[in-house]
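Structure first, then comments.
The values are calculated or read from the model by the stated rules, or taken from the named source; none is laboratory data. A quick note: this is a predicted structure, and the numbers were derived from the prediction, not measured. Positions of Cβ are backbone-derived with ideal geometry, glycine not excepted, and every protein chain shown enters the neighbour counts. For the accessible areas, the whole protein counts, side chains as well, though only heavy atoms, and no ligand, DNA or RNA atoms are used. Shrake-Rupley method; radii C 1.70, N 1.55, O 1.52, S 1.80 Å.
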Amino acid sequence: MTTQPGAILDLGFTERLSQVRASIEKRLDELLSESRNERDLVALAMRESTLAPGKRMRPILLILIADGLGHRSNCALDLGCAVELIHAASLVLDDMPCMDNASLRRGRPTVHLKFGEDVAILTAVALLSRAFGVIASISELAPSIRTQLVELAANAVGMKGLVSGQFQDLRDGQRSRSPEQIALTNNLKTGVLFGAIVDMAWLISNSDERVRAVLQNFALELGQAFQMYDDLCDNCPDSGKDQGKDVGKSTFVSIYGVDKVREQLYTHLANAERNLRQVFDDADMIAGFMAMVFKKATITR
Ligand code: GRG
């Protein structure tokens, strides 16, 4: 671990972002170094799926928010990487034939296509358990804080989060759904993990309850905006993922059309930023990062 997020406050936006990103890539590589066994396909798939080029949105947000709340240690880096491992596990499962049946992820063949379905399932389980192991062993944090962090991650993955959202999406996505149902499913699939990220940053920074509530609103708005972004990207040729996977599925895009959804995305993004600015005097770095991530959805199609 080399980069101290707090030590790069004076850098410009681009330099700071690339430094945070580089620290994440390096730490992910270290955390998966025990699995650097070329003959063990699960180990190889863990590394390849996680280290493939993703936006790293979740760890970057966690680090920037913890930094903004005054936290100065590498705990946020490890927590962010643990969340990225959870995210990687969810993508491996999501791509499988019994779910989205995807062939391309992050510009590369999906894990089950390259290594087989058995390896894909085992890779997801191994990434998930690595993530919990990383959180539980952040020695700079008090055991009681680590326990709460593990609980936050567990809730975000399970029946209050990703698993539940994915199940709803798989079973209900092919029939007509009300906008409220879609928003609920999108929140479970995406927003809840953002909620866990802000709670984690809040917890290690010792901030007050008011801050927590505002950051939760931020996460909720961001989650809705991000799932809309993901839906709008369903037809983007350079997304690194299969295109047209949402054909026949009930999404906000199928109900409202691209232009209206893009408008709604802007509204959620503006709400997210408003919440952010209630917490931070200077939210430019996080807002700038969000604008960068969302640019593609707003200029394409
Ligand atoms: C075992 C963790 C776990 C979950 C099981 C499979 C599943 C339940 C959940 C999948 C939920 C899912 C696929 C949500 C979609 C989230 C989403 C918008 C993914 C795309 O995220 P990006 O754009 O991807 O941040 P990159 O590749 O940039 O990281």
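If each Cα of segment 27-176 is one equal point scatterer, what is log10 of I(q)/I(0) from the Debye formula at q = 0.11 Å⁻¹?
One equal scatterer on each Cα of segment 27-176 leads to -0.44.
Take the solvent-accessible surface of the protein heavy atoms, probe 1.4 Å, and return the percent of it on segment 11-298 that carbon and sulfur atoms account for.
About 53 percent, which is the carbon plus sulfur part of the accessible surface.
Using 0.36 nm per residue of separation minus the Cα-Cα distance, give me the extension gain between residue 137 and residue 267 in nm, one decimal.
My answer for the length gained is 42.9 nm.
Students often check this: by mean Cβ neighbours within 10 Å, which of 11-21, 274-284 ranks highest, and how do the rest follow? It would help to have the intermediate numbers written out before the result.
Numbers: 11-21: 14.6, 274-284: 16.5.
In descending order of packing, they fall as 274-284, 11-21.
Counting alpha carbon pairs within less than 8 Å and at least 6 residues apart, what relative contact order, in whole percent, applies to segment 11-298?
The value is 18 percent.
5 Å is the cut-off here: which amide hydrogens, built 1.01 Å from N in the peptide plane, fall below it relative to residue 105, excluding neighbours closer than 5 in sequence?
Close amide H contacts, sequence-distant or interchain: 110.
When only the heavy atoms of the protein chains count and the probe is 1.4 Å, how do 200, 159, 292, 99 rank by accessible area, highest first?
Working: 200 0, 159 145, 292 90, 99 65 Å².
Sorted by accessible area, descending: 159, 292, 99, 200.
Pick out the long, greasy-scoring helices in the chain: whole DSSP H runs spanning 24 Å or more along their own axis by Cα, mean Kyte-Doolittle at least 0.0.
Qualifying helices, which must be both long enough and hydrophobic enough, are 75-94, 117-136.
With a probe of 1.4 Å, find how much accessible area segment 56-193 has per residue, and write the answer as a whole number in Å².
In whole numbers, segment 56-193 has 40 Å² accessible per residue.
Once label points are set 7 Å from the Cα along Cα→Cβ at both residue 184 and residue 18, what is their separation, rounded to one decimal in nm?
Result for the modelled spin labels: 4.6 nm.
With the contact rule set at Cα under 8 Å and sequence spacing of 6 or more, what percent relative contact order holds for segment 95-253?
After rounding, I find 25 percent.
Please state, to two decimals, what the Cα-based radius of gyration of the chain comes to when divided by 2.2 N^0.38 Å (N = residues).
Details: Rg = 18.4 Å, N = 301, 2.2 N^0.38 = 19.2 Å.
Compared with the compact-globule rule of thumb, the chain sits at 0.96.
Rank these by accessible area, largest first, 1.4 Å probe: 254, 205.
254, 205
Please find, in a Gaussian network model of the chain (springs between Cα atoms separated by less than 10 Å), the residue of 81, 98, 236 whose mean-square fluctuation is greatest.
98
How far is the Cα center of segment 129-188 from the Cα center of segment 251-287, in Å?
Between the Cα centres of segment 129-188 and segment 251-287 lies a distance of 22 Å.
Give me the distance between the Cα centres of segment 22-80 and segment 190-225, rounded to whole Å.
Cα centroid of segment 22-80 versus Cα centroid of segment 190-225: 20 Å apart.
If each residue of separation counts as 0.36 nm, what is the full-extension length gain between residue 259 and residue 287 once their alpha-carbon separation is subtracted?
7.8 nm
With an 8 Å Cα cut-off and a minimum separation of 6 or more residues, compute the relative contact order for segment 61-187 in percent.
21
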